């Protein structure tokens, strides 16, 4: 019976255009639609037994054992070959909770995502390091998938993704694509990255940079002829660069500054903002690394990067406040939303 219930709830998630499904013992099933949580009150509250049974559908026996030991686990789940879900199971008050994020089967284009065309230029480089940053649930993985799909569709490369778990599944076009999932295909991100140097890889997508070893390997890969895309849970370009540097001991920070200055191609920060007409629309910031930016990184002046972005419009850079203000002028979002998502409300006042 639990499998039939799970099928019904997943079908409701797809039908309602929801981004997430939450299965929590003692609560009605909950979906997130256009950023808002909606309780499916027509369905009875989920029982602890049902959440435990759902895990048998999502996890292998080995992963279930790991979950019981570690008390949380990431996983991926394919539903009828139509859609995939990125999932996380966890314990709360002694019972199991499950959060599922819907991953559409089709990888959307930059135009479909309402993202700027200039991002395409970062897919045409032969080497370097491009970051997509922002909070959880604001579309970073989808943006990265769109960029990788552009490469897949336009030139012959060996692309490798290292993810935990695998989200979008690529259909090979002009490129050869290997997708590796942590725990299933490789021990961890660092091990897979070290191995990548011996696998004739041209382009790498690293699902997330979580520790010093992974970041060090990513930056080295970008320096040694690879084009690398990855994500960080940071708010903007300057904070992202500082986060990377600060994760290293003081004695290694000058070295990582030099490596970043020479390998970073850009940082794209995005937020999904409620649209007046319904749904969500992206607001974004783009830092394009040039000689001035490289100097700021080397000289420990990353606090000046925001000014470089604000004054670099003619070079293709995009300022978050200006992007939000443009969305207000176009009638896409309210001024209240613009202020809520603004990194600098005082400047937003001047722009509006």
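The values are calculated or read from the model by the stated rules, or taken from the named source; none is laboratory data. Source: prediction; values computed, not measured. Cβ placement follows ideal geometry from the backbone for every residue including glycine, while neighbour counts extend to all protein chains displayed.
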Exercise for the section: Could you check how many residues of segment 164-185 are surrounded by fewer than 18 Cβ atoms within 10 Å (Cβ to Cβ) and within 19 Å of residue 75 (Cα to Cα)? Expected result: 6
Practice task
Specify the residue that is farthest from residue 173 (Cα to Cα); the eligible residues are those in segment 98-111 that are in contact (Cβ under 8 Å) with a residue 24 or more places away in the chain and out of contact with any strand residue (DSSP E or B) (no Cβ under 9 Å at 6 or more places or on another chain).
Solution key: 110
Practice task
Could you please let me know if residue 228 is in a strand (DSSP E or B) and touching a helix residue (DSSP H, G or I) at 6+ places or on another chain (Cβ under 6 Å)?
Solution key: yes
Practice task
Answer yes or no as to whether residue 166 is touching a residue at least 24 places away in the same chain (Cβ under 8 Å), under 30 Å from residue 71 (Cα atoms) and not assigned by TED's automatic domain parsing to the domain that holds residue 233.
Solution key: no
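Suppose the filter is out of contact with any helix residue (DSSP H, G or I) (no Cβ under 6 Å at 6 or more places or on another chain), part of a helix (DSSP H, G or I) and either surrounded by 13 or more Cβ atoms within 10 Å (Cβ to Cβ) or at pLDDT below 95 (or both); does residue 24 pass it?
Details: out of contact with any helix residue (DSSP H, G or I) (no Cβ under 6 Å at 6 or more places or on another chain): yes; part of a helix (DSSP H, G or I): no; either surrounded by 13 or more Cβ atoms within 10 Å (Cβ to Cβ) or at pLDDT below 95 (or both): yes.
In short, no.
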Completion exercise
When every residue in segment 188-201 that is in a loop (DSSP other than H, G, I, E, B) and over 21 Å from the mean Cα position of the chain (by Cα) is compared, the one surrounded by the fewest Cβ atoms within 10 Å (Cβ to Cβ) is 198
Practice task
Filter segment 322-340 down to the residues that are under 17 Å from residue 138 (Cα atoms) and touching a helix residue (DSSP H, G or I) at 6+ places or on another chain (Cβ under 6 Å), then identify the one that is surrounded by the most Cβ atoms within 10 Å (Cβ to Cβ).
Solution key: 324
Handout entry: Entirely in segment 241-352, the helices (runs of 4 or more DSSP H) that have 2 or more residues that are under 17 Å from residue 131 (Cβ atoms) and either assigned by TED's automatic domain parsing to the domain that holds residue 142 or modelled with pLDDT of 95 or more (or both)
Key = 250-263, 291-298, 305-310
Practice task
Kindly list, by first and then second residue, each pair from a residue in segment 216-237 that is assigned by TED's automatic domain parsing to the domain that holds residue 137 and on the phi > 0 side of the Ramachandran plot to a residue that is surrounded by fewer than 24 Cβ atoms within 10 Å (Cβ to Cβ) and not in a strand (DSSP E or B), limited to pairs with Cβ atoms under 6 Å and residues at least 6 apart or on different chains.
Solution key: 225/127
